[in-house]
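**Q** Take this structure, written in structure tokens, and hold onto it; I'll ask about it next.
Each reported figure results from applying straightforward, stated rules to the coordinates on display, with no laboratory input. These figures come from a predicted structure and were not determined experimentally. Reconstructed Cβ throughout: ideal geometry from the backbone, glycine too, with neighbour counts over all protein chains shown.
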Amino acid sequence: MSRETIALASDHAGYGLKSLLAEEIVKLGHTVLDLGTDSEESVDYPDYGRAMAEAIAEGRVKRGVIVCGTGIGISMAANRNPAVRAALCSDETSARLARQHNDANVLALGARLVGEEVAKACLKVFLETEFEGGRHQRRVDKLGQA
Ligand code: RB5
């Protein structure tokens with residue numbers, strides 16, 4: 001497994017889980033680019049979804065993790081950029097298939113919906129699972145044509 005810089009972004013509702021995931025990413029041998037937010041003070045999730053999208057689109061990172069209360073708003077925001085394939089996951093199987101079939105480059109999590117252990121398991125699978133390519137490549141290419 002090669003060392004990679006993984007970007008992290010969240011709103012206030014995701015801040016606590018983001019902090020936990022930052023530690024986990026380091027334990028898994030990677031480094032973290034933290035795009036905020038930096039506290040539980042109320043902020044707007046589109047700003048952090050966009051920050052992640054820009055980091056991906058500009059090539060500063062290949063992959064990232066975004067967190068808000070449900071994971072819904074911040075993934076909607078990130079996915080408005082065609083460079084982003086953000087997958088909202090609440091179980092390991094979804095996280096695995098998001099990598100194998102969709103080449104997801106952003107994992108989205110809902111801090112108010114998933115427990116810490118499930119979130120950590122999703123993160124590990126997301127980071128360690130390869131894209132299968134083959135028939136999936138054509139479909140992923142079409143996602144980028146939006
Ligand atoms: C913030 O209260 C909450 O709306 C946000 O974290 C997220 O769940 C939106 O999709």
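**Q** Can you find a residue in the stretch 4-11 that is touching a helix residue (DSSP H, G or I) at 6+ places or on another chain (Cβ under 6 Å), buried (at least 16 other Cβ atoms within 10 Å of the Cβ) and either at positive phi or not in a strand (DSSP E or B) (or both)?
**A** Yes, there is a match, as at least one residue in the stretch 4-11 is touching a helix residue (DSSP H, G or I) at 6+ places or on another chain (Cβ under 6 Å), buried (at least 16 other Cβ atoms within 10 Å of the Cβ) and either at positive phi or not in a strand (DSSP E or B) (or both).
**Q** Limited to the stretch 44-75, what total is found for residues that are within 9 Å of the ligand (Cβ to nearest atom), crowded, with 20+ Cβ neighbours inside 10 Å and not in a helix (DSSP H, G or I)?
**A** Residues in the stretch 44-75 being within 9 Å of the ligand (Cβ to nearest atom), crowded, with 20+ Cβ neighbours inside 10 Å and not in a helix (DSSP H, G or I): 4 in total.
**Q** Pick out the one residue from Val84, Val26 that is without any contact (Cβ under 8 Å) to a residue 40 or more places away in the chain and either within 16 Å of the ligand (Cβ to nearest atom) or within 12 Å of the chain's Cα centre (by Cα) (or both).
**A** On inspection, the qualifying residue turns out to be Val84.
**Q** So which residues in the stretch 84-109 are aliphatic (A, V, I, L, M) and within 16 Å of Val67 (Cα to Cα)? Before you say what the answer is, go through the steps one by one.
**A** Filtering the stretch 84-109 for residues aliphatic (A, V, I, L, M) gives 84, 86-88, 95, 97-98, 104, 106-109.
Hits for the stretch 84-109 are Val84, Ala86, Ala87, Leu88, Ala95, Ala104, Val106, Leu107, Ala108, Leu109.
**Q** Can you name every residue in the stretch 90-146 that is crowded, with 16+ Cβ neighbours inside 10 Å, outside any helix (DSSP H, G or I) and within 16 Å of the ligand (Cβ to nearest atom)?
**A** The answer is Ser90, Val106, Leu107, Ala108, Leu109, Gly110, Ala111, Val114.
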